[in-house]
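Below: the structure, in structure tokens.
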Number of protein chains: 2
Amino acid sequence: MREAYHEELASIGEALVDMANRVGSVLGRATSALLDADLQLADSVISAHSKVEDLQRDLDDRAVAVLARQQPVATDLRVVVTSLRMSADLERCAVLAQHVAKLARLRHPAQAVPQDLRRTILEMSQLAQRLMAQAADVLVTRDLDDARQMEQDDDRIDELHRSIFQHLMDDRWHHGVETAVDVTLLGRYYERFADHAVSVARRVVFLVTGEHADELAATHP
Amino acid sequence: MREAYHEELASIGEALVDMANRVGSVLGRATSALLDADLQLADSVISAHSKVEDLQRDLDDRAVAVLARQQPVATDLRVVVTSLRMSADLERCAVLAQHVAKLARLRHPAQAVPQDLRRTILEMSQLAQRLMAQAADVLVTRDLDDARQMEQDDDRIDELHRSIFQHLMDDRWHHGVETAVDVTLLGRYYERFADHAVSVARRVVFLVTGEHADELAATHP
């Protein structure tokens, strides 16, 4: 009975790592679809969402089943409750990747992102994917330094996000309003995606230390 | 013991209603601050967020305590788990209202919203507040028709959201890129707020029927 229980907990953890890897990869493909104006790839990202939804539903069902059957307390209870929150973070990331792909589809065959912002969007996407890969690692290792280090990559994302606004507000912006709107939304999608990845890591920190990671980060050199 | 337990469950339900009422009201004040370019009101909305965060943390602590102490099963377990999700929805709404207020502060003393979009923004805000008020009611009454009816108001929000984009893409748009960016983000904040309100109601439907409300809504006349 105890053994089956810890197996169930472990399998929930594995499902979270699986979801994190998957949504990271989906964001990468969504960004390719966006930057290459690739309709087929965009469509495949859009339809991939139901798979992530299935994973989430399955994970949540298992978490609730563990609560019902095993009635965990203390740390185990916190692990299960936190898993539910993480799966919600990850499902949201899949929706954000889907938004990126939908924008690629909407503008196809045109490019949604003008040349002078391609690098910024690409870097935001890469950082967001890296943060998600790191969140997946932190789920496995529970390495607090690794988790805290993510705050720096997230700062870089915020910086890139601000640089998009500066670029848009520049008098030399000549791509028109439609592109400004697209780029505004894209910036927000990547920023939110990264935020959810950091949130997953913060929840791990909270599990391990019982302290909220935003406070920890603030006192960290 | 049983009585104390049901009191705790009821008090979690009350806390959710309290949070829903509060975030609805915060969005109303944020919109006033935005449309009146009222810096003081904007600041009060921004600082009100910590109060909602406190409410959420308190609610989540109580929900986890119920799981640990009472080890509910079946319906009661689903109620507690769903409460955790709803409190996350509501906290997110408070953040979105805060974003609206921050934009008012950023543009002060100028108006962030041009005259020709004031009515649309006002209507989005009012609908979003109404949806949240309805979600609070549904939390109390568990009235499924009421919950399903919310989908229609949400459709209207989506329609207004699309009308903002059409307006921005119109050749006669003469407010420049900065305002286009602001209005794009505002549209998204209200749309997301409404979405979370609908999500709260859908979770109630799921609690009552065991079926996901999006599927129900699809087959509903």
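Within the P(r) computed for the protein assembly as shown, what percentage of the Cα pairs occupies the region above 31 Å? Within the protein assembly as shown, distances greater than 31 Å cover 42 percent of Cα pairs. With the gyration tensor restricted to C-alpha atoms of region B:1-64, the semi-axes of the equivalent ellipsoid amount to 32, 11, 6 Å, longest first. Springs between alpha-carbon pairs under 10 angstrom, Gaussian network model over chain B: which of B:Leu34, B:Leu131, B:Leu117 fluctuates most? Result for chain B, Cα springs under 10 Å: B:Leu117 fluctuates most. Here each label is just a point 7 Å from Cα along the line to Cβ, and for B:Gln166 and B:Gln111 those points are 2.2 nm apart.
Sorted ascending by nearby beta carbons within 10 Å, beginning with the fewest, A:Thr184, A:Thr82 become A:Thr82, A:Thr184.
Descending by average beta-carbon neighbour count within 10 Å, the peptides A:48-54, A:166-172, A:102-108 line up as A:102-108, A:48-54, A:166-172, the highest first. How high is the FRET efficiency from B:Ala10 to A:Leu122, r the C-beta distance, R0 45 Å, rounded to 0.05? My answer for the efficiency is 0.30. Within the straight-line cut-off of under 22 Å between alpha carbons, the lysines reachable from A:Lys102 are A:Lys51, sequence neighbours fewer than 8 places apart in one chain being disregarded. Prolate is the label for region B:34-113, because the ratio a/c of its alpha-carbon gyration tensor axes (a ≥ b ≥ c) is 1.5 or higher and a/b is greater than b/c. So for region B:95-134, taking the charge dipole from beta-carbon charges (+1 Lys/Arg, -1 Asp/Glu), which of B:Gln115, B:Gln126, B:Val100 sits furthest toward the positive end? Farthest towards the positive pole: B:Val100.
For the pair region B:87-127 and region B:140-187, the centres of their Cα atoms are 12 angstrom apart.
Potential lengthening of the chain between B:Thr209 and B:Val17 amounts to 67.1 nm, from the contour at 0.36 nm per residue minus the alpha-carbon distance. Spatial offset of region B:1-60 relative to region A:13-70 amounts to 31 Å, using the alpha carbon center of each. Distances between every pair of Cα atoms in chain B, grouped in 5 Å steps from 0 to the bin holding the largest one, split as 1, 7, 15, 17, 17, 14, 11, 8, 5, 3, 1, 1, 0, 0 percent. Placing +1 on the Cβ of every Lys and Arg and -1 on the Cβ of every Asp and Glu, with no other charges, gives region A:102-221 a dipole of roughly 620 debye about its Cα centre.
FYI, it's all coordinate maths here, none of it is from the lab. The structure presented is a predicted model; accordingly, all values stated were derived computationally and were not measured. FYI the Cβ positions are ideal-geometry reconstructions off the backbone, even for glycines, and counts take in every protein chain you see.
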